[in-house]
Structures are given as C-alpha cells and as structure tokens.
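The structure's right below; bear with me while I get my questions together.
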Amino acid sequence: MVFDIISFLAGVAAGAITGVLAAILHGLENTADLQERLRRVTKEVESMDSMVRGPKGHNMDDYAVKQKVQELRKDLEEIHEEIRRMYKKTTR
C-alpha cells in the first residue's frame, strides 16, 4: 500500500517534470524557427541591397529604395534582438 502511494506520487512528479520540459522545448523550437526565418529574410535583404547598389559598385539614384532597404535592415535587427531576449527568458 505504501509502495503504491510512493509509486503514484513518483509517476505524477515524473509526468509534471516531463510536461514542463516539453513546454520549454516547444518554446525553444518556436524561437529557433523564428530565428531561421529571420536569417533567410536577412539574406534576402542583403541580396536586395547588392542589387540596389548596382553592378561594379555603381549606386542607383533611387533614394526611396535605399531607404526602404535600410528600414528593413533596422527592423530585422530589432527582431533579432527580441529573439535574443526570448532565448534569455527560456534559459533562466
């Protein structure tokens, strides 16, 4: 009888620990997916930036396009900082 109670409590504790660890892992996976998408978009912005500059370093005169690329780069950096903060929260 005592062994049954101890076994039951151990099973409940193991289930609770497994649930907590699964939730943490799920959060980390979501954060990693977001970071991977951010990395791909950053590469696209870099390729857009090289296209805006034109061949052999000749700059295009379209200031609006250059400004938009700079805004995208700034937004991506802000998102990347938010991801870093998310990682710090989940590892504590």
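Would you please give the FRET efficiency between V41 and V20, computed as 1/(1 + (r/R0)^6) with r the Cβ-Cβ distance and R0 = 22 Å, to the nearest 0.05?
FRET efficiency, V41 to V20: 0.10.
Given points 7 Å out from each Cα along the Cα-Cβ axis, report the I6 to D49 separation in nanometres with one decimal.
Label-label distance for I6 and D49, simple model: 6.3 nm.
List the aspartates and glutamates whose Cα sits under 20 Å from the Cα of K43, skipping any in the same chain fewer than 8 residues away.
Result set, ordered by chain and number: D33, E71, D75, E77, E78, E81, E82.
We did not get these values from a lab; they are worked out from the coordinates using the rules stated. Bear in mind that the values here come from a model prediction, so they are computed numbers and not experimental data. Neighbour counts are summed over all protein chains in view; Cβ atoms, including those assigned to glycine, are modelled from backbone coordinates with ideal geometry.
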